[in-house]
Amino acid sequence: FCTINNVTCTISHWKTILPDLLIMRKAKLNSRSDRIIKILGLVSFTFLMVIILSPGLFTRELNSEQAEAIEFMEEMIASISNHCKNSNLEIDSNIDPNLSGLIGLEWTEMTSTLGHLDAKRTSIQAEMAATIVTLLTEAMVQKGDTIGLACSGSFPGLMLACLSASKALEINCKMILSLGSSSYGANRMDLTVLDMFAILRDKGLVQESLVGVSLGGEQDLGVGWDLPVILHLIDKIKQSGYPFIREEKLSMSVEKRAELIGVRDGSIKLLINSGGAMANIGTSATILKVKPGLVSKMRMPDPDQQGLVHKAWEKEIKLIHLLFIKGLALEYGIRWDRAGSLHAE
């Protein structure tokens with residue numbers, strides 16, 4: 001005889017009731033697991049909705065420099081937007097509902113790689129300028145210091161954010177631009193990142209030293225673009241009067257950048273990389289593992305795969321890396337893909 005759940009049964013009965021008991025036990029466990037999963041799912045969903053519906057959840061009190069940087073960036077955005085309007089440059093309101101002019105098209109003749117629209121929209125929020133102020137402050141950059149800014153055309157909003165932060169903190173900025181852009185960046189022939197900089201300069205909104213401009217794209221030479229596109233962009237760069245970076249090899253372009261921006265002689269305190277220009281980030285996939293923001297560690301690839309950021313790291317120059325926008329937004333509480341407003345809350 002045996003006793004199971006206070007029921008006395010014979011061995012012959014055991015074989016009969018055992019399968020049912022096991023099924024009941026399994027069902028009980030499954031039911032408990034299902035309840036736990038449902039509760040966790042409900043909690044996660046509730047938390048997500050709170051984040052979406054409560055824009056002030058992660059907001060922080062701004063200091064004077066952060067608030068000023070936001071104002072500068074909003075003024076810069078308005079300047080570019082007004083230029084587009086006055087010049088009758090058509091803007092697709094479906095992808096750039098604010099008509100900022102900072103969001104390009106999905107694909108153009110000068111597009112280098114695929115990009116994500118939500119990341120581009122997130123990057124044009126004025127809060128980005130406050131975030132750059134935070135990063136520069138964390139790096140102990142002070143008034144009067146000189147930094148380097150290497151930008152591709154992929155995130156023109158980040159260029160504005162960095163320029164605004166530099167202006168608010170009263171630091172000097174030496175800049176290099178690469179015209180190539182991923183999807184939805186500054187990938188229009190009539191509104192490249194160089195054109196945007198010129199608009200801001202002519203309005204007296206920036207006084208940065210633009211020390212070099214390159215075509216960008218594959219090998220920093222626009223490899224793969226049609227010849228008329230390359231010739232048009234070359235003419236645009238030459239007419240700008242800024243130094244034209246055009247070297248036969250990518251490694252030579254990297255060295256030229258290091259010389260122009262102050263990495264080689266260590267004359268800059270910090271380097272900001274914005275976007276994924278090949279001459280800036282190199283050709284090794286290890287750069288994809290570098291966390292966004294102020295860099296604390298970075299693996300050095302082989303010399304022939306290195307970019308400007310690696311040259312700076314080798315010189316022990318502090319580095320801010322702006323490429324993985326979602327990670328940056330999560331870290332600093334910037335709402336993701338807020339297409340409806342460019343203003344801070």
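The values are calculated or read from the model by the stated rules, or taken from the named source; none is laboratory data. None of these values were measured; they are calculated from a predicted model. In this analysis, Cβ positions are derived from the backbone assuming ideal geometry, glycine residues included, and neighbour counts consider all displayed protein chains. To get the accessible areas, we keep the full protein, side chains included, count just its heavy atoms, and leave off ligands, DNA and RNA. Shrake-Rupley method; radii C 1.70, N 1.55, O 1.52, S 1.80 Å.
Is segment 72-79 home to any residue that is more than 29 Å from residue 225 (Cβ to Cβ), in contact with a helix residue (DSSP H, G or I) (Cβ under 6 Å, 6 or more places away or on another chain) and not hydroxyl-bearing (Ser, Thr, Tyr)? Checking segment 72-79: at least one residue is more than 29 Å from residue 225 (Cβ to Cβ), in contact with a helix residue (DSSP H, G or I) (Cβ under 6 Å, 6 or more places away or on another chain) and not hydroxyl-bearing (Ser, Thr, Tyr). Per this entry, residue 133 is not counted among residues that are out of contact with any Gly (no Cβ under 9 Å at 6 or more places or on another chain) and in a loop (DSSP other than H, G, I, E, B).
For segment 107-124: of the residues being assigned to a loop (DSSP other than H, G, I, E, B) and among the hydrophobic types (A, V, I, L, M, F, W, C), which is farthest from residue 181 (Cα to Cα)? Out of the qualifying residues, it is 124.
Any residue at all in segment 216-227 that's open to solvent by less than 10 Å² (accessible area, probe 1.4 Å), among the small types (Gly, Ala, Ser) and either without any contact (Cβ under 8 Å) to a residue 12 or more places away in the chain or not in a loop (DSSP other than H, G, I, E, B) (or both)? Yes, the conditions are met somewhere in segment 216-227.
Residues are listed down the side, and each one gets a yes or a no for (1) polar (S, T, N, Q); (2) modelled with pLDDT of 95 or more; (3) outside any helix (DSSP H, G or I):
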residue: 55; (1), (2), (3): no, no, yes
residue: 68; (1), (2), (3): no, yes, no
residue: 73; (1), (2), (3): no, yes, no
residue: 82; (1), (2), (3): yes, yes, no
residue: 98; (1), (2), (3): yes, no, yes
residue: 143; (1), (2), (3): no, yes, yes
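The set of residues in segment 258-283 being closer than 13 Å to residue 315 by Cβ and either part of a helix (DSSP H, G or I) or of a type in the set (A, V, I, L, M, F, W, C) (or both) consists of 258, 259, 261, 263, 268, 270, 271. Just one of (1) closer than 30 Å to residue 118 by Cα; (2) at pLDDT 95 or above; (3) open to solvent by 40 Å² or more (accessible area, probe 1.4 Å) fails for residue 336. It is (2). Only one entry of 318, 311, 269, 289 meets the criterion of being out of contact with any Ser or Thr (no Cβ under 7 Å at 6 or more places or on another chain), buried (at least 19 other Cβ atoms within 10 Å of the Cβ) and more than 24 Å from residue 179 (Cα to Cα), and that entry is 318. Number of residues in segment 277-305 that are within 19 Å of residue 217 (Cα to Cα) and touching a Phe, Trp or Tyr at 6+ places or on another chain (Cβ under 9 Å) equals 1.
As a summary of the residue check, residue 297 satisfies the conditions (1) open to solvent by 20 Å² or more (accessible area, probe 1.4 Å); (2) within 24 Å of the chain's Cα centre (by Cα); (3) within 28 Å of residue 184 (Cβ to Cβ) except for the one numbered (3). Contact map, segment 63-82: residues that are surrounded by fewer than 16 Cβ atoms within 10 Å (Cβ to Cβ) paired with residues that are of a type outside the set (Gly, Ala, Ser) and at pLDDT below 95, Cβ distance under 9 Å, separation 6+ or inter-chain. Pairs shown: 78/342. From the list 104, 157, 115, 144, the lone residue that is touching a residue at least 24 places away in the same chain (Cβ under 8 Å), of a type in the set (Gly, Ala, Ser) and surrounded by fewer than 16 Cβ atoms within 10 Å (Cβ to Cβ) is 144.
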